[in-house]
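The values are calculated or read from the model by the stated rules, or taken from the named source; none is laboratory data. This structure is a prediction, so every number in the text was calculated from the model and none was measured. Note: ideal-geometry Cβ built from the backbone for every residue, glycine included; neighbour counts use all protein chains shown.
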Amino acid sequence: MAGYNESEFLICLASKLMEDGTTAFVGTGVPMLAAALAKRMHAPNLVPIFEFGGTGASLEKLPLGVGDSRTFHKAVAASGICDIMETACRGFVEYGFLGGAQIDAFGNLNTTVIGKYWPPKVRLPGSGGGNDVGSFCWKTIVIMRKHEPRSFVPKVDFITTPGFLTGPGAREAAGLAPGGGPYRVVTNLALMDFEPDSKRMRLIATHPGVKAEDVVKATGFELLVADEVSVNPEPTEKELRLLREEIDKDRYYI
Amino acid sequence: MKLLESGAGELFQPPDPDGFREWVHTRKNTKMVDKVMTEQEAVAKFVNDGDYIGTELYGTVRAPMSLVRETIRQEKKHLRVAGQGIHEIDLLLAADLVDTLDITYIAWEVYGISSCLRRAVESGRVKTTDWSNGGITWRFKAAAMGVPFLPIRSMLGTDTLKYSAAKVVEDPFTGKPVCLIPALFLDVGLIHVHKADKYGNCRVEGISGFVHELSRASKKLIVSTEEIVSTDEIRKYPEQTVIPYYLVDAVVEAKYGSHPGEMCYRYWRDGEHMQTFLKDSADPAKTKAYLDKWVYGVKTHDEYVNLVGMDRLRQLESEIGGR
């Protein structure tokens with residue numbers, strides 16, 4: 001097995017979560033690479049959806065923004081943000097990929113501020129389409145590049161994007177459509193899901209060489225651990241070649 | 001309807017659909033008149049200190065950069081701005097012309113976060129109210145519909161709602177909580193398009209972003225265009241008109257007007273230019289030097305184009321690729 005870095009592992013693992021023939025809301029960064037890789041590997045019929053209007057782009061060239069021309073290159077439709085968000089609101093978008101500066105046990109995400117709201121200690125970009133994606137998609141997958149206590153926190157400074165909010169039933173009580181919410185969390189150490197009854201984050205697989213207790217220690221809240229914790233597959237030669245030679249030749253991410 | 005929650009954020013531009021109708025009735029012109037003018041004339045005539053402004057599409061993509069640079073040259077102050085943006089908002093913040101931001105996302109996507117935003121907001125100089133991208137665009141849509149608000153199903157349950165100026169009510173039809181977002185009527189909209197005729201009938205290619213919503217939510221609308229085409233050409237394909245002339249107050253010819261952003265099917269983004277700005281913008285002195293060179297240092301968009309240089313622009317044209 002050739003060597004690979006953490007970003008490459010993360011992208012390959014996220015890519016495997018994308019099912020062929022489904023629709024996926026794709027944000028800037030790792031999700032774009034994961035979608036481009038998935039389309040070249042197991043999911044040629046994956047339909048990437050970009051918030052400013054691109055539906056079903058070929059992803060032959062890596063988009064650098066959610067509205068750039070590569071998000072609708074050889075696409076099936078180029079509409080606008082209202083159409084895309086309304087399509088998601090009506091239930092057409094299966095997966096949403098998100099990231100954040102902080103995440104809590106219920107998968108709530110912060111991309112707005114560190115510290116109090118205003119004036120904040122650190123002003124982050126804001127929701128962008130994140131809140132809409134987390135509200136509308138059936139399954140949101142969160143990608144956190146660094147699994148550490150300062151980003152996996154008991155309480156996020158600001159809930160930008162809804163996970164399961166305060167626990168079972170909270171999304172529905174707030175008025176969000178039933179059935180959505182966080183599905184998986186992918187990090188540089190492990191893969192997590194959400195335990196169905198408590199809606200709390202749960203470790204289900206670690207990366208090769210990473211112990212379950214390492215992941216628990218790197219998490220700033222009590223992380224549930226599944227009865228059986230499996231080991232995530234390593235990137236294959238083919239995946240690495242595609243990533244390095246085709247998808248991210250300019251090394252924006254890897 | 002039972003009010004369940006009110007966002008604590010300040011409503012920087014309260015909805016006034018009747019005021020907008022009155023504006024349309026007394027100030028807009030449904031006659032086909034030639035509206036072509038220079039960016040200096042357009043900004044001088046239609047942008048005032050204290051105006052609430054919006055831009056479309058966004059900072060790296062079909063962005064009205066030449067109009068933003070002219071707004072900065074004319075030092076239009078105390079602006080209130082709707083922000084899903086990148087370079088356009090960064091420049092306005094860097095020039096210290098913004099008092100308040102209805103913010104959804106301001107950063108550089110793949111390249112990183114915005115130092116201009118951080119300095120402006122963390123210092124307490126610029127006040128913010130947060131929304132989601134969907135939320136703010138539906139605010140434009142509500143304005144475009146001429147209604148005071150729209151119900152939406154995002155932002156619910158989060159601090160994005162808590163620090164917005166949205167409200168949550170019990171939906172009288174389903175009994176479930178629903179989020180109401182106030183219409184956002186803009187004083188001025190700035191939009192860059194591929195083609196327009198002299199009256200302001202406009203076409204864009206590729207995704208439409210929020211061109212329909214923002215153009216219809218603006219009291220005053222300045223359009224910059226890559227090229228001016230004949231009205232006969234517009235009339236041949238009327239289904240391609242995304243902005244009809246009566247919405248438009250000024251038409252400004254600005255080839256490469258989105259630079260350093262891209263213009264689909266015409267030129268690719270100037271990544272090098274953007275990354276240099278982003279790096280420099282971490283340092284206030286270097287940020288000022290950027291403005292001195294690229295904004296204050298040129299008098300017109302034509303001078304800006306010369307400063308970028310045709311070799312570079314031809315290169316970007318070759319990089320955009322085909323359909």
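A compact table of results
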read-out: Sole exception among (1) buried (at least 17 other Cβ atoms within 10 Å of the Cβ); (2) within 13 Å of chain A (Cβ to nearest Cβ) for residue B:301, by number; value: (2)
read-out: Within the stretch B:254-300, considering residues that are part of a loop (DSSP other than H, G, I, E, B) and over 24 Å from residue A:67 (Cα atoms), the one farthest from the chain's Cα centre (by Cα); value: B:283
read-out: Failed item in (1) in contact with a strand residue (DSSP E or B) (Cβ under 7 Å, 6 or more places away or on another chain); (2) assigned to a loop (DSSP other than H, G, I, E, B); (3) under 30 Å from residue A:188 (Cβ atoms); (4) more than 9 Å from every other protein chain (Cβ to nearest Cβ), with residue A:106 passing the rest; value: (1)
read-out: Residue selected from the stretch B:174-190 under the condition buried (at least 20 other Cβ atoms within 10 Å of the Cβ) and assigned to a loop (DSSP other than H, G, I, E, B), by the criterion farthest from the other protein chains (Cβ to nearest Cβ); value: B:185
read-out: Complete set of residues in the stretch B:52-87 that are of a type in the set (Asp, Glu), away from chain A (no Cβ under 13 Å) and under 27 Å from residue A:65 (Cβ atoms); value: B:70
read-out: Options B:92, B:156: the member that is buried (at least 24 other Cβ atoms within 10 Å of the Cβ), more than 8 Å from every other protein chain (Cβ to nearest Cβ) and more than 20 Å from residue A:114 (Cα to Cα); value: B:92
read-out: Residue A:144, sole failed condition from (1) without any contact (Cβ under 8 Å) to a residue 60 or more places away in the chain; (2) facing another protein chain (nearest Cβ under 10 Å); value: (2)
read-out: Leading residue by the ranking (farthest from the other protein chains (Cβ to nearest Cβ)) among those in the stretch B:132-150 that are surrounded by fewer than 24 Cβ atoms within 10 Å (Cβ to Cβ) and not in a strand (DSSP E or B); value: B:148
read-out: Of residues in the stretch B:191-210 being surrounded by fewer than 24 Cβ atoms within 10 Å (Cβ to Cβ) and touching a strand residue (DSSP E or B) at 6+ places or on another chain (Cβ under 7 Å), the one nearest to residue B:151 (Cα to Cα); value: B:208
read-out: Residue that is over 21 Å from residue B:192 (Cα atoms) and modelled with pLDDT of 95 or more, where the choices are B:123, B:66; value: B:123
read-out: Single unsatisfied condition, residue A:123 versus (1) within 20 Å of residue B:108 (Cα to Cα); (2) more than 7 Å from every other protein chain (Cβ to nearest Cβ); value: (2)
read-out: From the options A:222, A:239, residue that is away from chain B (no Cβ under 14 Å) and closer than 22 Å to residue A:5 by Cα; value: A:239
read-out: Those helices (runs of 4 or more DSSP H) lying entirely in the stretch A:135-254 with at least 2 residues farther than 26 Å from residue A:92 by Cα; value: A:212-217, A:237-241
read-out: Residues located in the stretch A:111-120, provided they are within 7 Å of chain B (Cβ to nearest Cβ) and either within 14 Å of the chain's Cα centre (by Cα) or among the aromatic types (Phe, Trp, Tyr) (or both); value: A:117, A:118
read-out: Neighbours by Cβ (under 8 Å, 6+ apart or cross-chain): first from the stretch A:36-63, free of Cβ contacts under 8 Å to residues at least 40 places away in the same chain; second acidic (Asp, Glu) and part of a helix (DSSP H, G or I); value: A:53/A:83
read-out: Residues located in the stretch B:234-253, provided they are surrounded by 14 or more Cβ atoms within 10 Å (Cβ to Cβ) and either of a type in the set (Ser, Thr, Tyr) or part of a helix (DSSP H, G or I) (or both); value: B:234, B:240, B:241, B:245, B:246, B:247
read-out: Near pairs, Cβ below 6 angstrom, 6+ apart or cross-chain, from the stretch A:164-192 (at the interface with another protein chain (Cβ under 10 Å from one of its Cβ atoms)) to any residue that is of a type in the set (A, V, I, L, M) and in a loop (DSSP other than H, G, I, E, B); value: A:171/A:165; A:174/B:156; A:175/B:156; A:176/B:156
read-out: Complete set of residues in the stretch A:2-35 that are on the phi > 0 side of the Ramachandran plot and either surrounded by fewer than 18 Cβ atoms within 10 Å (Cβ to Cβ) or without any contact (Cβ under 8 Å) to a residue 12 or more places away in the chain (or both); value: A:21
read-out: Residue ID - nearest to residue A:102 (Cα to Cα), chosen from residues in the stretch A:209-225 that are of a type outside the set (Val, Ile, Thr) and crowded, with 19+ Cβ neighbours inside 10 Å; value: A:218
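Conditions (1) touching a Ser or Thr at 6+ places or on another chain (Cβ under 8 Å); (2) more than 9 Å from chain B (Cβ to nearest Cβ), marked per residue:
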| site | (1), (2) |
| --- | --- |
| A:9 | no, yes |
| A:13 | no, yes |
| A:18 | no, yes |
| A:24 | no, yes |
| A:34 | yes, yes |
| A:53 | yes, no |
| A:78 | yes, no |
| A:86 | no, no |
| A:96 | yes, yes |
